[in-house]
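Nothing in this text is a laboratory measurement; each read-out follows from the coordinates by a stated rule. Everything numeric here is computed off the predicted structure, so don't read it as measured data. Using ideal geometry, Cβ is built from the backbone for each residue, glycine included, and neighbour counts are taken over all protein chains shown.
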Amino acid sequence: MVESFFTAGLTLLVIGAALAAVLAKKFRQPSLVMYILTGLFLGPAGAALISLVPELSIDALVSETEYITLMSELGLAFLLFFIGLEIKIEDIKEVLGETLTISFTQMGLVAVAFFGLSILAGFGTVESVIIALAFMYSSTAVVVKILADKGEVETQAGKLDVSILLFEDVTVVLVMAVLSSLAAAGSFSVASIGLSALKVGFFVAVIAGAAIGSSRYLLPKFLKYASRDKHAFLIHGLAWLFLFTLISKQLGLSLEVGAFFAGVSIAQLPYSEELHEKVKPLTDFFLAVFFISLGLSLTTGDLLKYIWVAIGFSAAVIVLKMLFYYILTSWQGFDRYNSFKAAINMTQTSTFSIVYAAVALESGLLGSAVVGLITIVALLTMGISSYMIFYSDKIFKMLGGKIGNKETGDTDERKAVVAGFNEAVEPSIKYLSNEYDEVTLVDRSINTSNEAEKFEDVEFEFSDFRNVETRKNQNIGSADLVLSMIEDMDLNREIIEETSEECITILTAEDQNQGSELTSKGADHVFVEQEAAGDKITEVIKQRGISENE
């Protein structure tokens with residue numbers, strides 16, 4: 001059993017994934033683009049390409065096995081669970097209104113446009129519907145990653161795009177559930193669509209109600225207990241994931257629906273950040289297998305049959321999305337620069353374009369050649385838009401636009417992040433909550449989670465600040481003040497590197513030598529442990545924090 005699992009093909013697949021991740025970073029491309037290209041190279045498409053060389057003929061280096069297929073399915077489940085962990089109901093409430101209007105109007109316009117274009121290109125009704133659905137979303141992975149690298153997540157355009165992507169992620173699950181239901185029913189008539197939508201709506205409401213109810217009455221105590229064991233915490237989270245996928249399957253829904261709502265239920269709790277970090281490596285690995293296996297399943301015939309249609313559709317995706325988003329954001333009152341930035345960020349199809357295609361292929365709703373078309377469009381639009389987003393300011397200037405005072409974040413709201421908790425820092429947190437608009441306390445201690453309940457207007461995140469993903473999620477690059485009570489020199493150096501020059505950094509060191517080094521590197525103040533009394537910390541914050549911002 002073990003020997004049959006660890007085959008040469010699987011070894012090549014994993015090595016290929018590792019190389020693809022390196023190349024993606026080097027060429028500033030989304031990892032999934034390189035994963036699919038790796039799958040194409042290792043599969044029959046790559047073998048056919050190599051065979052074009054005279055006197056050189058080989059078989060596919062890797063072929064799909066039941067184990068690779070299983071890991072691919074796990075990749076989808078982990079992806080939806082991971083996205084669910086990012087969906088906080090409070091965040092959704094905050095971005096209603098203009099975001100909802102832009103998001104659903106854009107999705108509707110793009111779907112209608114590509115349904116019409118697909119019909120004109122000679123595709124059938126079912127194929128046209130799925131193509132239209134596949135192209136109406138933009139890529140959360142591409143947009144958020146590049147905006148984070150550029151430090152533009154907190155800009156007006158960045159916040160708008162991230163909130164739109166949040167809504168799109170929610171609708172993805174519902175559409176996928178309806179597609180799976182239609183495939184199971186074996187019919188695609190108007191009546192069957194309506195019946196499937198009602199069925200899915202009812203069962204999704206059931207599982208969503210179970211998720212939200214458990215997040216209020218069951219999960220807080222369960223995860224509070226589970227979090228005491230740092231190593232077993234991930235296992236408890238995965239048990240919750242598989243429980244919901246089983247419930248979803250029993251209700252006749254796809255396992256991805258259950259995985260998504262399992263994540264949503266945990267996302268409402270302060271423990272979600274910790275689980276989010278622990279699940280990410282597993283998600284990355286299984287998703288790499290999923291996208292590589294998709295490349296393995298495509299032949300040169302699948303890729304070439306609609307190659308010119310794919311190129312035309314790719315151009316249409318970029319142009320139409322740019323146009324629709326620019327018009328809609330301008331209509332909602334955004335200025336020319338922010339409308340341009342918000343629009344250019346969204347000029348690609350989504351990871352879920354490929355997921356839809358894979359689900360539809362497995363269900364018999366699409367042929368492999370149409371899957372090849374959707375995949376090529378995803379590769380082209382993600383690849384091209386990555387450079388468009390990265391050089392968006394230069395493109396704006398080339399088109400005659402003028403950039404005024406460039407946004408680096410929200411200048412009206414002041415943000416403070418506190419890492420680590422003890423009695424000495426308690427008075428400072430109370431003071432910060434009065435002086436700053438947003439204060440977050442980050443600590444991985446069950447006792448701190450109890451103490452944090454007494455602080456009003458302070459958000460608590462159960463997580464380890466030493467983890468780079470935690471600091472990214474807290475967006476310390478846009479923070480106005482970072483106070484760390486953790487005596488860790490590596491962490492202190494990283495905080496100084498990751499925060500802006502305007503950010504006030506107050507750190508804690510073990511001795512004077514460490515303190516001197518941190519001060520020379522740019523820390524505003526460094527406490528040696530025995531000096532970090534509560535009144536001293538608050539006094540330093542008053543002197544350095546308030547006077548510089550008044």
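Data overview
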{"quantity": "Among 268, 306, 108 the positive-end extreme of the charge dipole of the range 66-398 (Cβ point charges)", "calculated": "268"}
{"quantity": "Relative packing of 123-132, 34-43, which averages over residues the other C-beta atoms within 10 Å, highest first", "calculated": "34-43, 123-132"}
{"quantity": "With eigenvalues of the C-alpha gyration tensor scaled by 5 and rooted, the range 66-398, Å", "calculated": "30, 26, 19"}
{"quantity": "Relative contact order of the range 415-546, pairs being alpha-carbon contacts under 8 Å that are 6 or more residues apart, as %", "calculated": "26 percent"}
{"quantity": "Summed side-chain charge close to residue 367 - residues other than residue 367 whose Cβ falls under 10 Å, Lys, Arg +1, Asp, Glu -1", "calculated": "-1"}
{"quantity": "Point-to-point label distance, residue 198-residue 18, nm (Cα→Cβ direction, 7 Å offset)", "calculated": "5.5 nm"}
{"quantity": "The range 131-178-the range 205-274 distance, computed between alpha-carbon centres (Å)", "calculated": "23 Å"}
{"quantity": "Cut-off under 5 Å, modelled amide H: who pairs with residue 527 long-range", "calculated": "507, 508, 509"}
{"quantity": "Stokes-Einstein D (µm²/s) once Rh is taken as the Kirkwood radius of the range 415-546 over alpha-carbon pairs, at 20 °C in 1.002 mPa s", "calculated": "149 µm²/s"}
{"quantity": "For the range 103-119, Karplus couplings with θ = phi - 60° (6.51, -1.76, 1.60), whole Hz, Gly/Pro x", "calculated": "4, 6, 5, 4, 4, x, 5, 5, 4, 5, 4, 7, 5, x, 5, 5, 4"}
{"quantity": "Computed label-point distance, nm, for sites residue 434 and residue 249 using a 7 Å Cα→Cβ extension", "calculated": "5.6 nm"}
{"quantity": "Net charge contributed by nearby residues that have their C-beta within less than 12 Å of residue 24 (K/R +1, D/E -1)", "calculated": "+3"}
